[in-house]
Amino acid sequence: MKVEDFDFDLPEELIAQTPLKERAESRMMILDKETGDIRHEVFKHIVNYLQQGDLLVLNNTKVLPARLYGVKEDTGANIEVLLLKQGKEDEWETLVKPAKRIKEGSIISFGDGKLRAVCTAEKEHGGRMLRFEYEGIFYEVLDELGEMPLPPYIKEQLEEKDRYQTVYAKERGSAAAPTAGLHFTEQLLMELKERGVRVEFITLHVGLGTFRPVSVDSVEDHDMHAEYYTISERTAEAIRETKDNGGRVIAVGTTSVRTLETAARDHGAVKASSGWTDIFIYPGFKFGAIDGMITNFHLPKSTLIMLISALAGQKEVLEAYSEAVKEKYRFFSFGDAMLIIDLKGGLDNVSH
């Protein structure tokens with residue numbers, strides 16, 4: 001299967017640069033994964049498409065303000081640091097720009113010395129291990145000095161940090177937001193619960209590999225990045241009960257899909273578990289956990305559009321994306337949403 005098979009024309013102006021003022025007012029395309037039928041909606045009307053007995057699974061990871069700007073202490077050179085993964089105590093794996101300036105033993109100062117970092121090891125591709133020194137609580141210092149690590153496709157500054165967090169973000173550790181969840185408000189989640197839709201959580205800490213382009217010609221040759229996930233017994237039990245009672249498991253975001261399908265693959269069913277997943281889902285994949293998903297609109301030739309093509313069909317997804325471009329849907333992290341689901345009984349039976 002060729003990566004080129006997942007290409008489409010995406011005008012750059014359709015890549016959303018800023019979030020909408022109201023989260024739930026984004027547009028939502030509904031794609032029937034059985035028929036390929038399309039309907040255009042507003043996200044807040046998702047309550048009309050989920051039923052009593054359905055289960056919504058969301059990723060409650062919290063994005064770190066992981067981009068830091070500092071200076072090399074001995075020369076005053078400007079240095080940009082991106083936190084990737086915490087090691088032992090105050091040591092972090094990071095990406096540094098310009099990396100050539102930072103050698104083992106180099107010291108970087110942030111916020112006039114409020115935070116300092118010593119390089120303890122050099123890694124390839126700009127990677128550096130840094131040991132941080134500070135007074136007080138590290139995450140409070142990071143909240144003060146750090147910026148949200150927005151994807152490279154977003155050129156504008158984010159005015160409010162919280163808009164790159166879901167309203168249910170809880171577990172610190174992500175380098176990027178699980179953006180399908182950005183459309184939910186607390187009010188909307190409450191409405192879904194009142195309708196009889198169960199809401200549970202998994203945690204998957206999103207890595208920067210999410211934005212890494214596919215650089216091979218053949219889909220099968222691509223190596224996925226690994227990300228850490230956790231599934232609680234409560235969530236695993238909710239999935240078992242939903243399946244047993246004939247309800248649908250709807251994953252919010254590709255991160256939730258990858259987490260649940262990893263557990264289903266590794267254990268035969270979704271069980272309480274944690275670990276690293278590098279699962280790569282593309283057409284031909286047999287889903288063992290989810291029945292539908294909510295996602296944003298993804299970039300051409302990305303692993304994310306391959307994943308949704310596995311669920312709804314490559315031809316159907318590309319036709320839906322062609323429609324989205326024609327209708328000027330907003331793409332990517334701050335863009336509009338897509339609900340991929342089996343609309344039993346047909347689209348015309350759904351009412352507001």
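The figures follow:
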| read-out | value |
| --- | --- |
| Mean Cα-pair separation over length for the range 67-147, i.e. relative contact order, pairs under 8 Å, 6 or more apart, % | 27 |
| For the chain, accessible area per residue (1.4 Å probe, heavy atoms of protein chains only), Å² | 46 |
| Along each principal axis, Cα extent of the range 67-147, largest first, Å | 30, 27, 21 |
| On Cα atoms only, tilt of 254-267 relative to the major axis of the chain in degrees | 80 |
| Highest average packing first - 94-106, 258-270, Cβ atoms within 10 Å | 258-270, 94-106 |
| The chain: radius of gyration over Cα atoms, expressed as a fraction of 2.2 N^0.38 Å | 1.02 |
| Contact order normalised by residue count of the chain, Cα under 8 Å, 6+ apart, percent | 26 |
| Segments 313-320, 2-9 sorted - mean Cβ within 10 Å per residue, highest first | 313-320, 2-9 |
| Set Lys62/Lys97; Lys21/Lys161; Lys243/Lys271; Lys123/Lys301 screened for pairs whose C-alpha atoms are more than 21 Å apart | Lys62/Lys97; Lys123/Lys301 |
| Pairwise label distance in nanometres, Leu158 with Lys193, each label 7 Å out on the Cα-Cβ vector | 2.5 |
| Helix 314-326 axis, angle to the chain major axis (alpha carbon atoms, nearest 10°) | 80 |
| Rounded to whole Hz, the Karplus (6.51, -1.76, 1.60) HN-Hα couplings of the range 25-40, x for glycine and proline | 8, 5, 7, 9, 8, 9, 10, 6, 6, 9, 10, x, 5, 10, 9, 9 |
| Most to least packed among 179-186, 324-331 [average Cβ atoms within 10 Å] | 179-186, 324-331 |
| The range 1-154: equivalent-ellipsoid semi-axes (sqrt of 5 x gyration tensor eigenvalues, Cα, Å) | 41, 20, 16 |
| Helix-only [θ]222 nm of the chain, DSSP H runs n ≥ 4, -39500 (n - 2.57) each, per residue, nearest 500 | -5500 deg cm²/dmol |
| Helix 303-312 vs. the chain, principal-axis angle (Cα, 0 to 90°, nearest 10) | 10 |
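The values are calculated or read from the model by the stated rules, or taken from the named source; none is laboratory data. Only a predicted model underlies this, so the values are computations on that prediction, with no experimental measurement involved. All Cβ positions, even for glycine, are placed from backbone atoms using ideal geometry, and neighbour counts span all protein chains on display. For the accessible areas, the whole protein counts, side chains as well, though only heavy atoms, and no ligand, DNA or RNA atoms are used. Shrake-Rupley method; radii C 1.70, N 1.55, O 1.52, S 1.80 Å.
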